[in-house]
Structures are given as structure tokens and as C-alpha cells.
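Student: Got a structure here, written out as C-alpha cells. Questions coming.
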């Protein structure tokens, strides 16, 4: 007789359920870490583009928070709403007539928060140096996950010379 008994089937289902219960939380943390890496890397890539363009064009390039993809926000202080990179010939952190938008980033689809509560724009000068600077000489933007996962939390540290470093916080 080839076949399974009801008891054998119940044992297999129980083993599968136990394995899923163990694996699911670990899998969710992996997904969260990958999402965080993607979010941080998208800003890092746009900052690298901005710095390169500033040096190449010989004029300031600004990356600022933008929720409409066309202008800098004056009220938002968190980067998860999206941002734009643009050639900022007069370094006033406003997209003026004749200034070219280089790249647009749409808002994050999740509920993660990204920022430091005060920095809403970053400008690279024609020599690739950064402004604004914090009290320590660096600007640090923190990506907090939702739901909170301390292992996935990341900090993006920007130095005066334009160097970017992503680290665990």
C-alpha cells in the first residue's frame, strides 16, 4: 500500500508550521535591511552625482528635500518625502529659472524616517566641498526603520570635503 496516513500528514504539517514560525521573523528582518540599504544608497548616489556635477560644471549643485519634484520644500525636514538635485548657479537653495534639475527621487513607499530634523538641503561648491556643516564639522542623517529595528538603523555621515560614509548607528 502506497500512501500516507492521517497521522503522517499531521506530523509533516506540524514540522512545516514550526519551520515557518522560526524563519518568518528572520526573513522580515532581511527584507527590512535590504529596504534600508536601498533607501540610503539612493541618497548616496544622488549626492555623489551632485558633487561630481559641481566639480564638472564649476558651480554649486544642491540636493534638497522636495515633495513635488520641482522645487525645494521650505517646511519639510525629513528626506523620506523625496528630493531633487539641481544646478544652483547662485547657491540660494531654490530652483530658479534656468537652473537644471539633474535628478528627482520620489517619496519612500514605507514609513521609515530619514533625516536629522534640521538639514533640508545640501550644497556642493564648485570644488566639491559641502555646506551646511554641523557643529562637529559633519552632517549626519539618520534612517530610522518602522517598525523599529536597531540592527537595520543607518547613519549617513557627510564631511566638509564631500566624503560620504554609511554606518550603523
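Read the figures in this text as sums done on the coordinates, not as results from a lab. These numbers were taken from a predicted model, which means no experiment stands behind them. Please note: Cβ atoms are built from the backbone with ideal geometry, for glycine as well, and neighbour counts cover all protein chains shown.
Student: Taking 0.36 nm per residue of separation and subtracting the Cα-Cα distance, what length does fully extending residue 90 through residue 155 add?
Tutor: Working: separation 65, 0.36 × 65 = 23.40 nm, distance 2.98 nm.
Answer, rounded to one decimal: 20.4 nm.
Student: How big is the range 7-168 by Rg and Dmax over its Cα atoms, in Å?
Tutor: In order Rg, Dmax, the Cα atoms of the range 7-168 give 20.1, 77 Å.
Student: Turning to a different aspect of this structure: So what's the angle, to the nearest 10 degrees on a 0 to 90 scale, between helix 6-57 and the longest Cα principal axis of the chain?
Tutor: It is inclined by approximately 10 degrees.
Student: Let me ask something else about it. Semi-axes of the range 25-113's equivalent ellipsoid from the Cα gyration tensor, sqrt of 5 times each eigenvalue, largest first, rounded to whole Å?
Tutor: Numbers: eigenvalues 160, 43, 13 Å².
Over the Cα atoms of the range 25-113, the ellipsoid semi-axes are 28, 15, 8 Å.
Student: Could you tell me what percent of the DSSP beta bridges with both partners in the range 7-168 are antiparallel, to the nearest 5?
Tutor: 100
Student: If I take R0 = 35 Å and measure r between the Cβ atoms of residue 19 and residue 68 in this structure, what FRET efficiency does the formula 1/(1 + (r/R0)^6) give, to the nearest 0.05?
Tutor: Rounded to the nearest 0.05, the efficiency is 0.15.
Student: While we're on this one: Any chance you could tell me what percent of the C-alpha pair distances in the range 1-70 go past 21 Å?
Tutor: 61
Student: For an R0 of 41 angstrom, estimate the FRET efficiency from the Cβ-Cβ distance between residue 2 and residue 31 and round to the nearest 0.05.
Tutor: FRET efficiency, residue 2 to residue 31: 0.50.
Student: Kindly provide the helix-only [θ] at 222 nm of the chain, computed as the sum of -39,500 (n - 2.57) over DSSP H runs of four or more divided by all residues, to the nearest 500 deg cm²/dmol?
Tutor: -11500 deg cm²/dmol
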